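A.B. asks: This is the structure I have questions about; it appears just below.
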There are 2 protein chains.
Amino acid sequence: MTEIEKTLDNKSVRPTAMRILIYKFMAGKQNAVALTDIENAFEKAERTTLYRTLKTFEEKGIVHQIDDGTNISKFALCQPGCNCEIDQDLHLHFHCGQCDKTVCLTEHKIPHINLPAGYIAEDANLVIKGICDSCSDH
Amino acid sequence: MTEIEKTLDNKSVRPTAMRILIYKFMAGKQNAVALTDIENAFEKAERTTLYRTLKTFEEKGIVHQIDDGTNISKFALCQPGCNCEIDQDLHLHFHCGQCDKTVCLTEHKIPHINLPAGYIAEDANLVIKGICDSCSDH
DNA sequence: AGAGTGGTGCAACAGAAGTGCATTTAATGG
DNA sequence: CCATTAAATGCACTTCTGTTGCACCACTCT
């Protein structure tokens, strides 16, 4: 039983061949991936399978969904530092307008915001847009 | 020349009947609206017209586009406090998971974030998700 | 009046997201 | 080890948002 299989098993996700491949693919990427990215990487697989795999991964806390403002959902593997379930510990994301890549900045947390009376915060999403380190240094 | 016509004219947007109606509609709403919302409100109008009107409004700084994480673009009229063009003064938005409405919290600004070396911030988007004041008090 | 610009209406397309159903694959129990 | 069962996958199709091209209309300016 490989490391990845153990990880999936721990999250009570059955480690099928497809899922292991998708996990590997995402682990190899430094940036968040869209459904289409995975689709292009695995010409053989059906979009539906990938779609539902991501949904399952998300439900089980293996990946988290990122909304980077492009209106295309991206996904990234949850890291030890990324406590997606806990409200107060959400990290932020960076979207590069040049290479169009979105990365997690797990060490950067969203500051606490005092909301007006009556508003109850349950979740937060902070995306910084600009130029990433790969694109900025020439 | 009405107040609205003056506003549009100031932003060098020709105040057509359609545009005035759309402006009025948005001014009457407390929350951000999606293209579909306007479409439903004006059964007579074409989606394309509304679409391009919103685009024009956005370009001319009459409305700002909001990405609240639903993957559906919403729009809200720019307020005196909402300096959409200036990076450091971005306000945040609140999305209610119950009534699905998105509101601007113009008095709340996005705190400054120290990015890792090499990252250049140009824009930011912060959405708090939870229960709004209308939905929370029973 | 005629030319030109910009706005509007109509049709069609692209891409992402999502659903239903049949079939295959994997886990479980005798 | 096979049979049963539940879950995963593949295929087809639908829906919705966003977008573009083209023709027509309205208005302005000379």
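The values are calculated or read from the model by the stated rules, or taken from the named source; none is laboratory data. For clarity, every value in this text was computed on a predicted model and none was experimentally measured. Because the Cβ atoms are built from the backbone with ideal geometry, glycine has one as well, and the counts that use them run over all protein chains shown.
A.B. asks: Would you check which residues across region A:1-39 are in contact with a strand residue (DSSP E or B) (Cβ under 9 Å, 6 or more places away or on another chain) and away from DNA strand C (no atom under 14 Å from the Cβ) and list them? Steps first, answer last, please.
C.D. replies: Just the residues of region A:1-39 that are in contact with a strand residue (DSSP E or B) (Cβ under 9 Å, 6 or more places away or on another chain), to begin with: A:23, A:25-27, A:29-35, A:37-38.
Result: A:Y23, A:F25, A:M26, A:A27, A:K29, A:Q30, A:N31.
A.B. asks: Quick check on A:T48: is it near DNA strand C (Cβ under 10 Å from one of its atoms), exposed (fewer than 12 other Cβ atoms within 10 Å of the Cβ) and more than 24 Å from A:H93 (Cβ to Cβ)?
C.D. replies: Working: near DNA strand C (Cβ under 10 Å from one of its atoms): yes; exposed (fewer than 12 other Cβ atoms within 10 Å of the Cβ): yes; more than 24 Å from A:H93 (Cβ to Cβ): yes.
Against the criterion (near DNA strand C (Cβ under 10 Å from one of its atoms), exposed (fewer than 12 other Cβ atoms within 10 Å of the Cβ) and more than 24 Å from A:H93 (Cβ to Cβ)), A:T48 qualifies.
A.B. asks: What do you reckon, is A:K74 touching a residue at least 12 places away in the same chain (Cβ under 8 Å), more than 7 Å from chain B (Cβ to nearest Cβ), of a type in the set (D, E, K, R) and over 21 Å from A:G28 (Cα atoms)?
C.D. replies: Numbers: touching a residue at least 12 places away in the same chain (Cβ under 8 Å): yes; more than 7 Å from chain B (Cβ to nearest Cβ): yes; of a type in the set (D, E, K, R): yes; over 21 Å from A:G28 (Cα atoms): no.
So A:K74 fails the test.
A.B. asks: Could you list, in sequence order, the residues of region A:72-89 that are over 16 Å from A:D123 (Cβ atoms) and at pLDDT below 90?
C.D. replies: Of everything in region A:72-89, those that are over 16 Å from A:D123 (Cβ atoms) and at pLDDT below 90 turn out to be A:Q79, A:P80, A:G81.
A.B. asks: For region A:51-63, enumerate the residues that are within 13 Å of DNA strand C (Cβ to nearest atom) and out of contact with any strand residue (DSSP E or B) (no Cβ under 7 Å at 6 or more places or on another chain).
C.D. replies: Within region A:51-63, A:Y51, A:R52, A:T53, A:K55, A:T56, A:E59 qualify.
A.B. asks: Now a separate question. Can you pull out every residue in region A:126-138 that is facing chain B (nearest Cβ under 8 Å) and modelled with pLDDT under 90?
C.D. replies: Of everything in region A:126-138, those that are facing chain B (nearest Cβ under 8 Å) and modelled with pLDDT under 90 turn out to be A:S136, A:D137.
A.B. asks: With a cut-off of at least 2 residues that are under 15 Å from the mean Cα position of the chain (by Cα) and more than 15 Å from B:L126 (Cα to Cα), name the strands (runs of 3 or more DSSP E) lying wholly within region A:90-131. Can you show your working first?
C.D. replies: Numbers: elements: A:91-96, A:102-109, A:120-131.
In region A:90-131, the matching strands (runs of 3 or more DSSP E) lie at A:102-109.
A.B. asks: Is region A:98-115 home to any residue that is facing another protein chain (nearest Cβ under 7 Å) and surrounded by fewer than 15 Cβ atoms within 10 Å (Cβ to Cβ)?
C.D. replies: Yes: region A:98-115 contains one or more residues that are facing another protein chain (nearest Cβ under 7 Å) and surrounded by fewer than 15 Cβ atoms within 10 Å (Cβ to Cβ).
A.B. asks: For A:I66, work out the one condition from (1) away from chain B (no Cβ under 14 Å); (2) more than 10 Å from DNA strand C (Cβ to nearest atom) it doesn't fulfil.
C.D. replies: (1)
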